[in-house]
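Where a number appears in this text, it was derived from the coordinates with a stated rule and is not lab data. Please read all numbers here as calculations on a predicted model, not as lab measurements. Here the Cβ positions follow ideal geometry from the backbone for every residue, glycine too, while neighbour counts run over all protein chains shown.
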Amino acid sequence: MADSFSILNPPRLVDGQCIDWPELSGLGLALALATLARRQGGPLLVAAPDGYFARQLRDDLQQLDAPRAELFPDWEILPYDLYSPHPDLISRRLDLLSRLPGMSEGIVIAPVSALIQRLAPPAWIQGQSLNLAVGETLDPSQFRNRLSDAGYLLSDQVWQPGQFAVRGSVLDLWPMGRPQPYRLELFDDEVESIR
């Protein structure tokens, strides 16, 4: 698609000056965005024409001494496809959406196709999170039902986000938005260990 980027409605900087950028591409664009992100003092949202351009821009920003660049991926499916997005994509999106309210700096790059999709409100995403600690009481059957209701799949072995497995008092769970699975060991209805 496009190999350059321009800002149609330039943002206001701290000193009240509007900026107007010429067509920038590659590391020039990355350097301009890194400078803007440092001046802005908060997360900067950058709309990219497509997923390829978004990944390339993120890679360019990582080469510079830029604020952390995050990629908000699109679903990578067409609206009329009969299958769901890949669980890894769902997990990466949820991870970023759950961290976004606490971000004080950085750059979030999203393809336009990801920006036009409706998202759950931040309060709902934060409210749906599950926090467990060693020593807490947990009813295994209610917990399995809660996971199933949330869309998690019961499997023999956990190998991707959105799955859980139960073997006696051991529960393996790969939460959406987390890079690795967890193993919960129960003693009766008490969480004995989390690894």
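Say the dipole of the chain comes from +1 at the beta carbon of Lys and Arg and -1 at that of Asp and Glu; which of Gly41, Leu27, Ser91 then lies farthest toward its positive end?
The listed residue farthest towards the positive side: Gly41.
Suppose R0 equals 35 Å; then what is the FRET efficiency for Ile77 and Thr137 from their Cβ-Cβ distance, rounded to the nearest 0.05?
Efficiency, from the Cβ-Cβ distance: 0.30.
Output the 0 to 90 degree angle, nearest 10, between the alpha-carbon long axis of helix 87-99 and the longest principal axis computed from the alpha carbons of the chain.
70
Kindly write out, for the stretch 151-166 in residue order, the coupling ³J(HN,Hα) from the Karplus curve 6.51 cos²θ - 1.76 cosθ + 1.60 (θ = phi - 60°), rounded to whole Hz, with x marking Gly and Pro.
The phi angles translate into x, 6, 9, 6, 9, 6, 9, 7, 9, 7, x, x, 10, 9, 9, 10 Hz.
Under Stokes-Einstein, with the Kirkwood radius over Cα pairs standing in for Rh, what whole-number D in µm²/s applies to the stretch 100-195 at 10 °C and 1.306 mPa s?
In µm²/s, the coefficient rounds to 103.
Would you mind checking the tilt of helix 140-149 against the longest principal axis of the Cα atoms of the chain, expressed as 0 to 90 degrees and rounded to 10?
40
For the chain, what is the mean residue ellipticity at 222 nm derived from helices alone (per DSSP H run of n ≥ 4: -39500 (n - 2.57); sum divided by total residues; nearest 500 deg cm²/dmol)?
-9000 deg cm²/dmol
Kirkwood Rh and Cα-based Rg: tell me the resulting Rg over Rh for the chain, rounded to two decimals.
In the chain, Rg relative to Rh is 1.07.
Based on alpha-carbon positions alone, could you give the equivalent ellipsoid semi-axes of the stretch 27-132 from the gyration tensor, as √(5λ), descending, whole Å?
25, 19, 11
Using Cα atoms only, what is the angle between the long axis of helix 51-63 and the major principal axis of the chain, expressed in degrees (0 to 90) to the nearest 10?
That works out to roughly 80 degrees.
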